[in-house]
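Encoded as C-alpha cells, the structure appears first; notes follow it.
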Amino acid sequence: NDLFRFNNVNLDVLTETYNMPFYLQYMSKWPELFTVAEAPDNSIMGYMLGKSEGSGSLWHGHVSAVTVAPLYRRLGLAKTLMEDLESTSSNVYNAFFVDLFVRASNTLAINMYEKFGYVKYRRVLGYYSGDDPEDAWDMRKALARDEKKQSVIPMDRPVLPQELEW
C-alpha cells in the first residue's frame, strides 16, 4: 500500500518508473539503500533506490533511481539522498565506487551529478530502448576504498549494453 504513495513522484516525466516486483525486490534485498524522504504531511518528497553489486575492484554501490517531486526540487534533497547512498555504500558495503546511468540527453541531471563529484566513465550505446531509444552515460564517483581513484578513469571508447559487467 505504501508504494502507491510514490505516484506523486513517479508520474513526473523525468522519473524512470518500474513495476511493483522491482521495488519489492530492492526493499527486500537492500533495505538500507532504499531511502524515502517524507514531508510533514506524509507525502513523498523524493526517494533513492540503490543496490550493491560486482566483485573484486568492481564491487560498488549502484543508484537505480533517485527522484524528487517537483514541489521539492532545488532544496538539496537529491544531494542528501545521494550522500546517504554513498555513505552506506562506503561504510556498510565497503564499495570502491558508486555508479549510475543517465540518459545522454539529460544535461540537467548530468550537470547535477558532476556537481556531486561524479564523472562520465563511459557512454553506453543504445542503453535505453523502446519508442525513443537513447544512449546513456555510466557515471561514477570513487569512494574511500579506491584510494587511487582507478574506478573513475574514463574509458576511451563507448560500449554496448551487452558489454556491461552487471
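The values are calculated or read from the model by the stated rules, or taken from the named source; none is laboratory data. From a predicted model like this one, the values you see are computed outputs, not experimental measurements. Heads up, the Cβs are rebuilt from the backbone with ideal geometry, glycines too, and the neighbour counts pull from every protein chain shown. Quick note on the areas: whole protein, heavy atoms, side chains included, nothing else; ligands and nucleic acids left out. Shrake-Rupley method; radii C 1.70, N 1.55, O 1.52, S 1.80 Å.
Observations on the model:
- If you go through region 85-107 and keep only what is over 12 Å from residue 141 (Cβ atoms) and either in contact (Cβ under 8 Å) with a residue 24 or more places away in the chain or part of a loop (DSSP other than H, G, I, E, B) (or both), you end up with 88, 92, 93, 94, 101, 102, 103, 104, 105, 106.
- Region 148-162 - residue that is open to solvent by less than 40 Å² (accessible area, probe 1.4 Å) and not in a strand (DSSP E or B) and, of those, farthest from residue 59 (Cα to Cα): 152
- Residue 159 being of a type in the set (Val, Ile, Thr) and in contact (Cβ under 8 Å) with a residue 40 or more places away in the chain: no
- For beta carbons closer than 8 Å, sequence separation of 6+ or different chains, a first residue in region 7-36 that is farther than 23 Å from residue 108 by Cβ and of a type in the set (Phe, Trp, Tyr) and a second that is at pLDDT 80 or above and open to solvent by 60 Å² or more (accessible area, probe 1.4 Å), the qualifying pairs are 34/27.
- For region 36-48, a residue qualifies if it is over 12 Å from the mean Cα position of the chain (by Cα) and either closer than 20 Å to residue 138 by Cβ or open to solvent by less than 30 Å² (accessible area, probe 1.4 Å) (or both), and the qualifying residues are 37, 39, 44, 46.
- Under the condition of being within 16 Å of residue 78 (Cβ to Cβ), hydroxyl-bearing (Ser, Thr, Tyr) and crowded, with 19+ Cβ neighbours inside 10 Å, the residues counted in region 90-147 number 2.
- The set of residues in region 49-82 that are crowded, with 18+ Cβ neighbours inside 10 Å, part of a strand (DSSP E or B) and not β-branched (Val, Ile, Thr) comprises 49, 50, 51, 52, 60, 61, 62, 64, 65.
- When the test is whether a residue is out of contact with any helix residue (DSSP H, G or I) (no Cβ under 9 Å at 6 or more places or on another chain), over 30 Å from residue 39 (Cβ atoms) and in a loop (DSSP other than H, G, I, E, B), residue 165 does not pass it.
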